Amino acid sequence: PLAKKLAKDKGLDLGSIKGSGPNRRIMSRDLAKAQPLGLGHFNPRKKPTLPPGSYEERPLSPMRKIIAQRLQESKSFIPHFYVTQVIDAEALLSIREQFHSFEVKLSINDWMVRACALALRQHPMINSGFNSATQSIIRFQTIDIAVAVSVDSGLITPIIRHADYKNLGELSSEIRWLAARAREGKLHSADYKGGSFTLSNLGMYGISTFQAILNPPQAAILAVGGIEEVPVVRHGTVVPGKTLTLTLSADHRVIDGSEAARFLQTLKKMVENPAILLT
């Protein structure tokens, strides 16, 4: 019992040693040869009691049922295509740090929502949808950006209405407020129904790039990866740099590849020259 208590207190693996006591019992003096507990060793482990292949089934929550249905329909019936653009994030990080030095906290997501709102003004075809019932294209008259928020029961997309008429501070406050209400389960249906374009960001999880599934009837969704430190070429010389990867998923029934490419070119220009996002 003393050896067992000491091993627990010191984080030692009793399975890594042989006892020197009667009937090979482990004594406190044997602990000097014990290995620490952890993943980085090959000591024998107690065998599991569950048979191989054991599993349990859990019913889908109401939210997860809706997500499963909508995304299965989206991926099955909507002809997705993807366009990816790598962006130099040095200027964006620099101006963001300048704000932080004055206690103004703006996330990368805030800047990206602002950039998308202004870029959608220039590329209204991206701010579109598709009506499957009437087989017609929807041209949204307002720019209402849905922002994907992860909650315990699944994923929800609260909407920033008239996003192009709101400055960075207004967008940041509204995004934080909606995300908090989403995680508390206090969103009203008007907070997440509708929208003309969606932004999904997994950069905070260290994901470099991904492809998002369209949120019908919207015709486009932007996937934002994390900022990475990579070697870049500037003026013919390889130097340390920071890049951000954006991937636009688009409905090919509504949007052509050339229009998607031009939209990403506009986003790239804005994000690499972030002073324009302060207007």
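The values are calculated or read from the model by the stated rules, or taken from the named source; none is laboratory data. Bear in mind that the values here come from a model prediction, so they are computed numbers and not experimental data. Quick reminder, even Gly has a Cβ in these numbers, built from the backbone with ideal geometry, and neighbours come from all protein chains shown. Ligands, DNA and RNA are stripped out before the accessible areas are found, and what is left, the full protein with its side chains, is counted by its heavy atoms. Shrake-Rupley method; radii C 1.70, N 1.55, O 1.52, S 1.80 Å.
Worth pointing out:
- Looking only at segment 176-193, and only at residues there that are open to solvent by less than 50 Å² (accessible area, probe 1.4 Å) and in contact with a strand residue (DSSP E or B) (Cβ under 6 Å, 6 or more places away or on another chain), the one that is nearest to Leu106 (Cα to Cα): Ala179
- Among the residues of segment 121-153, those that are more than 30 Å from Leu60 (Cβ to Cβ) and touching a helix residue (DSSP H, G or I) at 6+ places or on another chain (Cβ under 7 Å) comprise Arg121, Gln122, His123, Met125, Ile126, Asn127, Ile143.
- Conditions (1) open to solvent by 10 Å² or more (accessible area, probe 1.4 Å); (2) touching a Lys or Arg at 6+ places or on another chain (Cβ under 8 Å); (3) modelled with pLDDT of 95 or more: number failed by Leu171: (1)
- When segment 1-26 is limited to residues that are part of a loop (DSSP other than H, G, I, E, B) and open to solvent by 100 Å² or more (accessible area, probe 1.4 Å), the one that is modelled with the lowest pLDDT turns out to be Pro1.
- Tally, over segment 262-279, of residues that are in a helix (DSSP H, G or I) and either open to solvent by 40 Å² or more (accessible area, probe 1.4 Å) or at positive phi (or both): 8
- Selection within segment 130-147 - open to solvent by less than 70 Å² (accessible area, probe 1.4 Å) and either within 23 Å of Ser172 (Cα to Cα) or assigned to a strand (DSSP E or B) (or both): Phe130, Asn131, Ser136, Ile138, Thr142, Ile143, Asp144, Ile145, Ala146, Val147
- Pair list, Cβ under 9 Å, 6 or more apart: segment 74-102 residue open to solvent by less than 30 Å² (accessible area, probe 1.4 Å), other residue among the charged types (D, E, K, R) and in a helix (DSSP H, G or I): Ile87/Lys268; Ile87/Glu272; Ala89/Glu272; Leu92/Glu272
- In summary, strands (runs of 3 or more DSSP E) completely within segment 148-209 and bearing 1 or more residues that are without any contact (Cβ under 8 Å) to a residue 40 or more places away in the chain and closer than 24 Å to Ala119 by Cβ occur at 149-151.
- Looking across segment 47-73, the residues that are open to solvent by 100 Å² or more (accessible area, probe 1.4 Å) and assigned to a loop (DSSP other than H, G, I, E, B) come down to Lys47, Pro48, Thr49, Leu50, Pro52, Tyr55, Glu56, Glu57, Arg58, Pro59.
- Within segment 103-146, considering residues that are in contact (Cβ under 8 Å) with a residue 60 or more places away in the chain and aromatic (Phe, Trp, Tyr), the one nearest to Leu178 (Cα to Cα): Trp111
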